[in-house]
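Report on the following structure.
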Amino acid sequence: MRFLGAHNCETDAAGMMCLLVDSRIVLDAGALTRNLPLDAQFGIQAVLLTHGHYDHFRDIPMLGMNLFLNGRSVDVYGSDDARRALAEHVLNGGIYSRFFDHPEGSPTLRYHVVEPGTSFQLGDYEILPVALPHPVPVLGYQLTDASGRRFFYSGDTGAGLSACFGDIDPHLMAIDVTAPSRYTAFFAARNQHLTPETLAAELEAFKKLKGHLPPVVCVHMNPHGEAEIAAEIERLSAELGSPVYLAHEGLTLSV
């Protein structure tokens, strides 16, 4: 698993959310085409979108164009809300080409609407989408490979992430921690994102329910507050007695 993007904004050193699993499955597409050569893009079998916010789908149009110009296509999975966000505001024939519909009869981007709680197969992987709290509908995904190893990615989430813990049991989790804990009240007003403070409560709930806590890699950090987040996460990891750390662009992990 390679983190092509681990942040919620883009700078010269930070990319928006995008994970590449075994060079075949992409989780969110905020920093996809900027980080992969064409031959690697052509090897992608599926893109899983968590929701319809720009920092999570930004490179879908560029992927579509690269595939279209080479007579290729790819499967995209996500909620109907995410499809509408892209189709109405970006891939609408005005801002950019309607790759969900064109070429007619064989679209470049074959969109599949998935439902929370209903698993599906992607090659050797079982994919389980779960609903997560956020101002717009978000799907987190647990990926289970043929050997039974499981990885969970939250996309964006606020307090109440723990509601899905009865449905998942990952060996590694990547969870949204957008800002330092001094922003807890700000994000709590709309339940937008987690901070180290609110992440702690969610991880304690996981540990209480499961009797253990897998390693947690934090994603979606705002670059401006990253040093402060890192210090708070280091303290949290020590308190929990379990690995909790920040992702970064280029980080490669095995589950």
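The values are calculated or read from the model by the stated rules, or taken from the named source; none is laboratory data. If you're wondering where the values come from, they're calculated on a predicted model, not measured in any experiment. Here the Cβ positions follow ideal geometry from the backbone for every residue, glycine too, while neighbour counts run over all protein chains shown. For accessibility, only protein heavy atoms count, side chains too; no ligands or nucleic acids. Shrake-Rupley method; radii C 1.70, N 1.55, O 1.52, S 1.80 Å.
Using Cα pairs under 8 angstrom and six or more residues apart, how large is the relative contact order of region 57-110, in percent?
With pairs under 8 Å counted, the relative contact order is 39 percent.
Ignoring ligands, DNA and RNA, please state the percent of accessible area on the chain from carbon and sulfur, probe 1.4 Å. Kindly include the intermediate steps, with their values, before the conclusion.
Values: 5420 of 10680 Å².
Percent of accessible area from carbon and sulfur atoms in the chain: 51.
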Per-residue ³J(HN,Hα) for region 28-36, Karplus 6.51 cos²θ - 1.76 cosθ + 1.60, θ = phi - 60°, Hz, x for Gly and Pro: 6, 9, x, 9, 8, 6, 5, 10, 10
Taking every DSSP beta bridge that has both residues in region 1-79, what percent is antiparallel when rounded to the nearest 5? 45 percent
In degrees rounded to 10, the 0-90 angle between helix 196-210 Cα long axis and the longest Cα principal axis of the chain is 90 degrees
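Relative contact order for region 160-255 using alpha-carbon pairs under 8 Å, separation at least 6, rounded to a whole percent? Intermediate results must be reported in sequence, preceding the final value.
Numbers: 121 pairs, mean separation 30.9, N = 96.
This gives 32 percent for region 160-255.
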Suppose all protein chains stay in the model; what accessible area per residue would a 1.4 Å probe give for the chain, in Å²? 42 Å²
Can you give me the relative contact order of the chain as a percent, contacts being Cα pairs under 8 Å and 6 or more apart? 17 percent
Distance between modelled label sites at Leu69 and Arg110, nm, 7 Å Cα→Cβ extension: 2.4 nm
In debye, nearest 20, what is the charge dipole magnitude of region 115-255 about its Cα centre with +1 on Lys and Arg Cβ and -1 on Asp and Glu Cβ, if you could check? 240 debye
MRE, 222 nm, helices only [DSSP H, n ≥ 4, -39500 (n - 2.57), over the chain, to nearest 500]: -7000 deg cm²/dmol
How big is the accessible area of Leu253 in square angstrom, nearest 10, if you roll a 1.4 angstrom probe over the protein chains? 30 Å²
Karplus (6.51, -1.76, 1.60) ³J(HN,Hα), θ = phi - 60°, over region 145-153, in Hz, Gly and Pro reported as x: 8, 5, 8, x, 6, 10, 10, 10, 10
In degrees between 0 and 90, to the nearest 10, how far off the longest principal axis of the chain does helix 80-89 point, with axes built from Cα atoms? 60 degrees
PRE zone check, label point 7 Å out along Cα-to-Cβ of Arg24, amide N under 17 Å, scope region 135-151, hits 142-151
Let me make sure I get this right: for region 80-153, a, b and c are the square roots of the gyration tensor eigenvalues over alpha carbons, sorted descending. Under 1.5 in a/c it's rounded, otherwise prolate if a/b > b/c, else oblate. Which is it? oblate
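Using the Cα gyration tensor of region 1-68, with a ≥ b ≥ c the square roots of its eigenvalues, what is the shape: rounded (a/c below 1.5), prolate (a/b larger than b/c) or oblate (neither)? Mind showing how you got there, number by number?
Values: a/c = 1.41, a/b = 1.35, b/c = 1.05.
It comes out rounded by the Cα gyration axes.
Hand me the trypsin sites (Lys or Arg not before Pro) from region 95-156 located in a DSSP loop with no more than 13 other Cβ atoms within 10 Å, in residue order please.
Listed in order of number, the matching sites are Arg149.
Please work out whether region 1-139 counts as rounded, prolate or oblate from its C-alpha gyration tensor, where a ≥ b ≥ c are the square roots of the eigenvalues and a/c under 1.5 means rounded, while otherwise a/b larger than b/c means prolate and anything else oblate?
Values: a/c = 1.17, a/b = 1.07, b/c = 1.10.
Rounded, because the longest to shortest axis ratio a/c is under 1.5.
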